[in-house]
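Novice: Here it is, the structure, as structure tokens.
We did not get these values from a lab; they are worked out from the coordinates using the rules stated. Since the structure is predicted, the reported quantities are computational estimates derived from the model, not experimental observations. Note: ideal-geometry Cβ built from the backbone for every residue, glycine included; neighbour counts use all protein chains shown.
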Amino acid sequence: MENFVANQQATIVDITVENFQQIIIEASQDKLVLIDFWADWCEPCKDLMPILEKLANEYSQHLILAKVDCEAQQEVAAQFGIRSLPTVMVVQNGQPVDGFAGVQPEAQIREMLAKYLPNPEDDLLATAGKAIQQGDYAGALPAAKEALGLNPDNVNAKYMLIDCFIETGSIDVAKTLIEEIKLVDQDSRYKTLLGKIELAEQAADTPEIRQLTAAVEANPDDLQLKVDLAVQLHQANKAQEALSLLYGVLKKELGFGEARKLMMDMMNALPDGDPLKSEYRRKMYSLLY
């Protein structure tokens, strides 16, 4: 017990009558406790223990492996009514919530623990959510994107990322992502975000944009018209169309007017993690070098 007291970060501890309450009752309020009931004569116990120790070290931030030597700690084993070895129990908030008897494969143990351990993307989603509450969608986007990368099946991460793309002007990227939402996951957020996309597209359909678009179609070689249209599109949160236009201008004449500066400013305004930012950085690099 002294070792556990000295090091509150300990993830593997031996349970005795003396430290039972502190580990099983108190520590399980903050972390998930995995109790491994074993004995030295039990060969299956020796097969299972390395797997449990590996998982304890991997999930050290959220999990404690509490080992009970049933020969030396018969009183502790008796309190749990242990009848066969190995037996593993999951304790949360002082109460057994799950477990198994015998040796289980690592994948099955992971699946069991996943029901009680935080998802790896949860902290990132909390960070993104806090930024969104403050209206900082550009700041939220990298965390939301990383969270979805960790777990592509996390629909909350996908909805959050779509919202970030809409609010930062990457409407086409948002539309592509929302098309991936499965029917079973299409809740009220789905309808809300579809509405935001529609409003964003309507906002981009201004008289100035319509007039400049017509002028560009009538005068496809007029580079200044394209620059002017790109500025209007960017102001209407149509970042992809604006960057595409400016890139076309620079491909024809790299030093044309303010086109290069405008394109750099637009790219820098995009949040980190936006695929448009990396895409057009590569394109600019190819033009410059």
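Novice: Gain in length, residue 289 to residue 14, computed as 0.36 nm per residue apart minus the alpha-carbon separation, to one decimal in nm?
Specialist: Residue separation times 0.36 nm, minus the Cα-Cα distance, leaves 92.8 nm.
Novice: Averaging sequence separations of C-alpha pairs under 8 Å and six or more residues apart, then dividing by the length of the chain, give the relative contact order as a whole percent.
Specialist: 12
Novice: A follow-up question, please. Compute the Rg to Rh ratio over the chain from the alpha carbon atoms, using the Kirkwood formula for Rh, and round to two decimal places.
Specialist: Here the Rg-to-Rh quotient is 1.23.
Novice: When the Debye formula is applied to the Cα atoms of region 2-114, each taken as the same point scatterer, what base-10 log of I(q)/I(0) results at q = 0.10, 0.14, 0.20 Å⁻¹?
Specialist: Normalising to I(0) and taking log10 leaves -0.24, -0.49, -1.08.
Novice: Please identify, among 171, 197, 51, the residue showing maximal mean-square fluctuation in a Gaussian network model of the chain using a 10 angstrom Cα cutoff.
Specialist: Among 171, 197, 51, the largest GNM mean-square fluctuation belongs to 51.
Novice: Pick from 218, 144, 204: which is most flexible by mean-square fluctuation in a GNM of the chain where alpha carbon atoms under 10 Å apart are linked?
Specialist: Highest fluctuation among the options: 218.
Novice: Take the Cβ-Cβ distance between residue 92 and residue 150 as r, set R0 to 35 Å, and report the resulting FRET efficiency rounded to the nearest 0.05.
Specialist: 0.90
Novice: Based only on other Cβ atoms within 10 Å, what is the fewest-to-most ordering of 277, 54, 191, 196?
Specialist: The order, fewest Cβ neighbours first, is 191, 54, 196, 277.
Novice: While we're here: In deg cm²/dmol, rounded to 500, what helix-only [θ] at 222 nm does the chain give when every DSSP H run of at least 4 residues adds -39500 (n - 2.57) and the total is split over its residues?
Specialist: Taken over the chain, the calculation gives -17500 deg cm²/dmol.
Novice: Let's see if you can work this out: charge +1 on each Lys and Arg Cβ, -1 on each Asp and Glu Cβ, no other charges. What is the dipole magnitude of the chain about its Cα centre, in debye to the nearest 20?
Specialist: Magnitude of the dipole: close to 940 debye.
Novice: Take the Cα radius of gyration of region 122-201 and divide it by 2.2 N^0.38 Å, with N its residue count; two decimals is plenty.
Specialist: 0.99
Novice: Here's another thing I want to ask about it. Once the Cβ-Cβ distance between residue 115 and residue 136 is put in as r, and R0 is 25 Å, what FRET efficiency do you end up with, to the nearest 0.05?
Specialist: 0.15
Novice: Calculate how large, on average over all directions, the projected area of the Cα convex hull of region 207-288 is; give the answer in nm² to one decimal.
Specialist: 4.9
Novice: Now a separate question. Are there cysteines in the chain with no other Cys C-beta under 4.7 Å, and if so, which?
Specialist: Taking the Cβ cut-off of 4.7 Å, the unpaired cysteines of the chain are 70, 164.
Novice: Which angle from 0 to 90°, rounded to the nearest 10, does the C-alpha axis of helix 259-269 make with the longest principal axis of the chain?
Specialist: Value to nearest ten degrees: 20.
Novice: Also, I was wondering about something else. GNM, the chain, Cα, under 10 Å: largest mean-square fluctuation among 237, 154, 268?
Specialist: 268
Novice: Counting other beta carbons within 10 Å of each residue's own, what order do 267, 112 fall into, fewest first?
Specialist: Listed from fewest to most nearby Cβ atoms, that is 112, 267.
Novice: While we're on this one: Defining a contact as two alpha carbons under 8 Å apart and six or more residues distant in sequence, what relative contact order in percent does region 59-153 show?
Specialist: Relative contact order for region 59-153 comes out at 17 percent.
Novice: Can I ask one more? Pairs of Cα atoms under 8 Å, at least six residues apart: use those to get the relative contact order of region 2-114, whole percent.
Specialist: Reported as a whole number, the value is 34 percent.
Novice: Label-point separation (nm) for residue 188 and residue 278, each offset 7 Å from Cα along Cα-to-Cβ?
Specialist: 3.5
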